[in-house]
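Participant: Submitted below is the structure of interest, expressed as structure tokens.
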Amino acid sequence: MLHNELNILKRLSHKNIACCLEIIHGNDRICTINELGNLGQIMEWRELDDCFKRNPKVTAYIGEKYKLTTLGDITRLIFLEVCEGVKYMHDHNITNRDIKVDNLICRESKGVGDEVMIVDFTTVRFRGNDDISYFPTGTPGFRGPEHQFAGSDGYSSKATDVWAVGIAMWVFFHERMPFKGEDDLERDITAKNV
């Protein structure tokens, strides 16, 4: 898996995807040096509250830079940038399969539309013309419900990226997961029945 990730990381070049600057090979490990998202993840996990909270540095920066005053406008701008990064990957037959708020970082920038970047490509795949995946990947709650129920038919990994962007956008706006359940399977069943 790591070899696949590194090969794909080397080929990705887009303003909304954290660039791999260097790969360091050690005796028993490989490290990647990626672009800095100096404002951090777009959301922070609050262990005591058992929920995500918007990163106030991110919302303040985006709001100030683009003169946006509503959470809806800030959310739209952030996820427009995420969608541009996902579109770039899909146009190059690459699927991430683990889009989630934890994997979206923000940086201060002088450019336009390049503040939010997708990071973490441990589940990335080059799909070629075949978009079907058979093995569940991604993070419960963010991954598409078809992961649990695809069976021998498989599932579209591009569609699963799009689903995950929608879930991440919901979580960012509402600061909670859209589907309830006692465990991953129950949440996936609830999502499937929507």
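Participant: Mind checking the per residue accessible area of the chain for me, 1.4 Å probe, whole number of Å²?
Facilitator: Details: 10420 Å² over 194 residues.
I get 54 Å² per residue for the chain.
Participant: Pull out a ≥ b ≥ c, the square roots of the eigenvalues of the alpha-carbon gyration tensor of region 112-159, then state rounded if a/c is under 1.5, prolate if not and a/b is larger than b/c, and oblate in the remaining case.
Facilitator: It is prolate, given that a/c is not under 1.5 and a/b is the larger ratio.
Participant: Using a Förster radius of 35 Å, what is the FRET efficiency between Leu68 and Leu21 based on their Cβ-Cβ separation? Nearest 0.05, please. Before the final figure, lay out the partial values.
Facilitator: Values: r = 30 Å, r/R0 = 0.87.
Computed FRET efficiency for Leu68 and Leu21 comes out at 0.70.
Participant: Now, a different point. Working out 0.36 nm times the residue gap between Ile30 and Arg176, then minus their Cα-Cα distance, what length gain in nm do you get to one decimal?
Facilitator: In short, 49.1 nm is gained.
Participant: Label Lys110 and Asn4 with points 7 Å out from Cα along Cα→Cβ: what is the distance between them in nm?
Facilitator: 4.0 nm
Participant: Further, regarding this structure: Would you kindly calculate the translational diffusion coefficient of the chain, applying Stokes-Einstein with the Kirkwood radius from alpha carbon pairs, for 4 °C and a viscosity of 1.567 mPa s, and quote it in µm² s⁻¹ without decimals?
Facilitator: Translational diffusion coefficient: 74 µm²/s.
Participant: So which lysines pass the test for Lys158, namely a Cα distance under 25 Å, with those fewer than 8 places away in the same chain ruled out?
Facilitator: The reachable lysines, counting only those whose Cα sits under 25 Å from Lys158, are Lys10, Lys15, Lys87, Lys100, Lys180, Lys192.
Participant: Hey, can you rank 76-83, 62-69, 27-34, 114-121 by average C-beta count inside 10 Å, highest first?
Facilitator: 114-121, 76-83, 62-69, 27-34
Participant: Also, I was wondering about something else. For the chain, what is the calculated [θ] at 222 nm in deg cm²/dmol (nearest 500), taking -39500 (n - 2.57) for each run of four or more DSSP H residues and dividing by its residue count?
Facilitator: On the way: 6 runs with 73 residues, N = 194.
After summing the helix terms and dividing by residue count, I get -11500 deg cm²/dmol.
Participant: Pick from Gly40, Gly26, Gly85: which is most flexible by mean-square fluctuation in a GNM of the chain where alpha carbon atoms under 10 Å apart are linked?
Facilitator: In this elastic network of the chain, the residue with the biggest mean-square fluctuation among Gly40, Gly26, Gly85 is Gly26.
Participant: For region 1-48, how big is Rg over Rh, using alpha carbon atoms and the Kirkwood form of Rh?
Facilitator: Using only Cα positions, Rg/Rh for region 1-48 is 1.06.
Participant: Further question on the same structure: If you consider only alpha-carbon coordinates, what radius of gyration and Dmax does region 112-192 have, in Å?
Facilitator: Spelled out, the Cα radius of gyration and Dmax of region 112-192 are 13.7, 44 Å.
Participant: Tell me which DSSP H helices of the chain clear both cut-offs, 18 Å or more of axial length from alpha-carbon atoms and a mean Kyte-Doolittle hydropathy of at least -0.5. Walk me through the intermediate numbers first.
Facilitator: Working: long enough: 71-91 (29 Å, 0.36); 157-174 (25 Å, 0.87).
Helices passing the filter in the chain: 71-91, 157-174.
Participant: Using only the Cα atoms of region 55-160, build the gyration tensor, take square roots of its eigenvalues as a ≥ b ≥ c, and label the shape rounded, prolate or oblate: rounded if a/c is under 1.5, else prolate if a/b is larger than b/c, else oblate. Show your work: numbers first, answer last.
Facilitator: Numbers: a/c = 2.83, a/b = 2.10, b/c = 1.34.
Prolate.
Participant: In region 1-113, if the dipole is taken from +1 on Lys/Arg beta carbons and -1 on Asp/Glu beta carbons about the Cα centre, which of Phe79, Ile105, Asn4 is farthest to the positive end?
Facilitator: Going by the Cα projections, it comes out as Phe79.
Participant: Quick one: Debye curve from the C-alpha atoms of region 70-109, no solvent, what's log10 I(q)/I(0) at q = 0.15, 0.33 Å⁻¹?
Facilitator: -0.42, -1.16
Participant: Related question: Carbon-plus-sulfur fraction of the accessible area of the chain, 1.4 Å probe, in percent?
Facilitator: 54 percent
Participant: When the chain is modelled as a GNM with alpha-carbon springs shorter than 10 Å, which of Arg46, Arg107, Arg97 fluctuates the most?
Facilitator: Arg46
Participant: Tell me, what is the FRET efficiency for Lys87 and Arg11 to the nearest 0.05, using R0 = 25 angstrom and their Cβ-Cβ distance as r?
Facilitator: That gives a FRET efficiency of 0.95.
The values are calculated or read from the model by the stated rules, or taken from the named source; none is laboratory data. Remember, it's a predicted structure, so these values are computed and weren't measured experimentally. For neighbour counting, all protein chains shown are included, and Cβ atoms are generated from backbone atoms with ideal geometry for every residue, glycine included. For the accessible areas, the whole protein counts, side chains as well, though only heavy atoms, and no ligand, DNA or RNA atoms are used. Shrake-Rupley method; radii C 1.70, N 1.55, O 1.52, S 1.80 Å.
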